[in-house]
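Take a look at the structure set out below.
The values are calculated or read from the model by the stated rules, or taken from the named source; none is laboratory data. All values derive from a computational prediction rather than experimental measurement. Cβ sites come from the backbone with ideal geometry, for glycine too, and all protein chains shown count toward neighbours. These accessible areas exclude ligands, DNA and RNA; they are computed on the full protein's heavy atoms, side chains included. Shrake-Rupley method; radii C 1.70, N 1.55, O 1.52, S 1.80 Å.
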Amino acid sequence: MAEFLKTHADGTWLMVKLQPRASKNEIGPPLGGELKIKVTAPPVDAAANQALIDLLAETLDCARSAVQIVRGKTSRHKTVWIARLGVADVLRKLTNS
């Protein structure tokens, strides 16, 4: 199992290293225990956090309300909760993106 994913009965925890102000929105490679994700939005007024939620919801084909940042709202290192999706589903959808 990927180090950046942790299983839970009701969903999956995803550890992310976010890079705001990138040239394009993309999900990059794992970096240790985190998945590197780039977004074009700046880290101002939670724009980068919203861009992260939007990108993950689109990639994972789930509702935006199912994706929540639970730790690291003001940091590049974030823990994201993905409701109702198991680790295998999340990993499959992330690697097919």
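Only one of Val67, Val44 is in contact with a Leu (Cβ under 7 Å, 6 or more places away or on another chain) and either open to solvent by 60 Å² or more (accessible area, probe 1.4 Å) or hydrophobic (A, V, I, L, M, F, W, C) (or both); which? Reasoning before the result, please.
On the way: Val44 fails: in contact with a Leu (Cβ under 7 Å, 6 or more places away or on another chain).
The match here is Val67.
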Task: Filter result (among the β-branched types (Val, Ile, Thr) and not in a strand (DSSP E or B)) within the range 44-97 - done: Val44, Ile53, Thr59, Thr74, Val87, Val90, Thr95
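What residue, of Leu31, Leu60, Leu56, is in contact with a Cys (Cβ under 9 Å, 6 or more places away or on another chain) and surrounded by 12 or more Cβ atoms within 10 Å (Cβ to Cβ)? Even if it seems obvious, please write down each step before you answer.
Numbers: Leu31 fails: in contact with a Cys (Cβ under 9 Å, 6 or more places away or on another chain); Leu60 fails: in contact with a Cys (Cβ under 9 Å, 6 or more places away or on another chain).
Result of the check over Leu31, Leu60, Leu56: Leu56.
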TODO: Enumerate the pairs (first residue in the range 37-63 and without any contact (Cβ under 8 Å) to a residue 40 or more places away in the chain; second residue anywhere and of a type in the set (Asp, Glu) and open to solvent by 50 Å² or more (accessible area, probe 1.4 Å)) with beta-carbon separation below 6 Å, excluding pairs fewer than 6 apart on the same chain, so at least 6 apart or on different chains.
DONE: Lys38/Glu26
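Kindly indicate whether Ala9 is open to solvent by 60 Å² or more (accessible area, probe 1.4 Å) and modelled with pLDDT under 95. Reasoning before the result, please.
Working: open to solvent by 60 Å² or more (accessible area, probe 1.4 Å): yes; modelled with pLDDT under 95: yes.
So Ala9 fits the description; yes.
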